[in-house]
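The values are calculated or read from the model by the stated rules, or taken from the named source; none is laboratory data. Owing to the predicted nature of the structure, the values given are computational and were not obtained by experimental measurement. For neighbour counting, all protein chains shown are included, and Cβ atoms are generated from backbone atoms with ideal geometry for every residue, glycine included. Quick note on the areas: whole protein, heavy atoms, side chains included, nothing else; ligands and nucleic acids left out. Shrake-Rupley method; radii C 1.70, N 1.55, O 1.52, S 1.80 Å.
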Amino acid sequence: MTTFKMYKSTGEEDLFVSLSSDQLQPLDADKGTTTIHLDDQLTYQEMDGFGASFTDSSAYLINQILNEEQRDEVMTRLFHPKKGIGLSVIRNPMGASDYARTVYSYNDMPEQQTDPELTQFSITHDEGDVIPLTQKALALNPELKLFASPWSAPGWMKTSGSMITGQLKAEWYPVYAEYFVKYIQAYGKHGLPIYAITPQNEALYEPGHYPGMLMPAEAQADFIKNHLKPAFVQNDIQTKILCYDHNWDQPDYPLTVLEQAGEEVDGVAWHWYGGDASAQTKVYEAFAGKEVHFTEGSGGEWIPPFEQAFSNVMRTGIQILRNYSKSFVLWNMALDENNGPTVPGFGRSTCRGIIQVNQQTKELTYTLDYYALAHFSAVIRPKAVRIESTSSDDGICSVAFKNSDGSVALVLFNDGEETANVQTKLRNEELLCFEMESKSVMSILIHPNK
């Protein structure tokens, strides 16, 4: 007998609610029916998982502002596969990002001084909050994969002499490659294997108010091919190298890196702040065999009303997965009531965290991003393989996966303006029929013949 586990969101007061088959709304006889066809014979990418980032700010809020009981609750609800939503990817910044309390790297030097041997290299900063939380996440979910990305090299390696603006000087390429080796080895000593890195976060953006570093495609290809990958090989490091780590609107960048350094690159990392998710497929089809990862997308006050913001994460998340991505990673794991803390001089922040930790009241709130991730992560587990899902109406978006235990996960979003009748079929065999409200989400876990 086929059994079902279902979760539904219909609005701000009704998020990720568990329901049984007999609680489904019956079909409206006056409406046509949209059919979702699932075909588990036609398969695509294998999933690594869903997650967010322990920025310095996020880690500080969870580890220092929350009390022990709150911290345990948050970590369990984020990472535990049964008692929580089972997040299985963390992307940690290597050094300061915009969401940090100070500007720092792992090898800061006084002005005009350099450290070619990296004798001053240290991850002590991360040992305060980032590492303990990452270790706890891994203990809660042993399938967790760690990604890491720098916002900037240490200032002394750059044309600007600072972590803000500038490019990596060519003379420091070999030393910067060694910097990555030391980071991976140092995290390894804490029992934290780094699964994948990118050489640079948002390599085409040079912000003037927080750490960043311009790294043109040709420079990135040179750095990976002639320095980073050889350093990994020499030190027997298996960590994957993903290129680009920026928006969908510049697919020529990863195409250039893959043309020039393809042998040494494992895949491409993408963000959603420009362009369309179809760019992922364009590059994937040009370089078959290279992994696709979505490593950063933040929600925020630029999409204010709840419905639009929640719909945006669901709609875009489904598109990201339908365009070959093995991961779907949002941005800050936690931010405070002012969308911070941010680096000094940053100005007003408009980003939204997965959870909000109010520094004044110590109150804890799970934001719409938490529930959006839940709709994916709770049913689509690590090692799940995407299967074909087609909808007879474009207004009902869908994505489906087959988990390693044989269950089938289906995420549906009614992007239309009206309630719709929905019928789901697996290999032409009818599974469930129900009515679906406009802008509502359904996650269904199907255990055939169980």
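Couple of notes before you dig in:
- In the condition set (1) in a helix (DSSP H, G or I); (2) surrounded by fewer than 17 Cβ atoms within 10 Å (Cβ to Cβ); (3) in contact (Cβ under 8 Å) with a residue 12 or more places away in the chain, Thr134 is compliant with all but (2).
- Scanning segment 404-419 for residues that are of a type in the set (Ser, Thr, Tyr) and open to solvent by 40 Å² or more (accessible area, probe 1.4 Å) yields Ser404, Thr419.
- Considering segment 164-190, the residues that are open to solvent by less than 10 Å² (accessible area, probe 1.4 Å) and within 26 Å of the chain's Cα centre (by Cα) include one that is nearest to Thr119 (Cα to Cα), namely Tyr179.
Each row is one residue, and each column tells you yes or no for (1) of a type in the set (Val, Ile, Thr); (2) in a strand (DSSP E or B); (3) in contact with a Cys (Cβ under 7 Å, 6 or more places away or on another chain); (4) open to solvent by 30 Å² or more (accessible area, probe 1.4 Å).
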residue: Tyr371; (1), (2), (3), (4): no, no, no, yes
residue: Val379; (1), (2), (3), (4): yes, no, no, no
residue: Glu388; (1), (2), (3), (4): no, yes, no, yes
residue: Ala400; (1), (2), (3), (4): no, yes, no, no
residue: Leu431; (1), (2), (3), (4): no, yes, no, yes
residue: Ile446; (1), (2), (3), (4): yes, yes, no, no
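- Identity of the residue in segment 322-336, hydrophobic (A, V, I, L, M, F, W, C) and assigned to a strand (DSSP E or B), that ends up nearest to Ile387 (Cα to Cα): Phe328
- Qualifying residue in segment 251-271 (condition: open to solvent by less than 60 Å² (accessible area, probe 1.4 Å), among the β-branched types (Val, Ile, Thr) and closer than 24 Å to Leu87 by Cα): yes
- Scanning segment 384-415 for residues being over 15 Å from Asp40 (Cβ atoms) and touching a strand residue (DSSP E or B) at 6+ places or on another chain (Cβ under 7 Å) gives a total of 11.
- Filtered residue count, segment 222-234, keeping only those that are within 22 Å of Arg91 (Cβ to Cβ) and out of contact with any Asp or Glu (no Cβ under 7 Å at 6 or more places or on another chain): 3
- Hits in segment 312-330 (condition: more than 18 Å from Gly275 (Cα to Cα) and open to solvent by less than 10 Å² (accessible area, probe 1.4 Å)): Ser327
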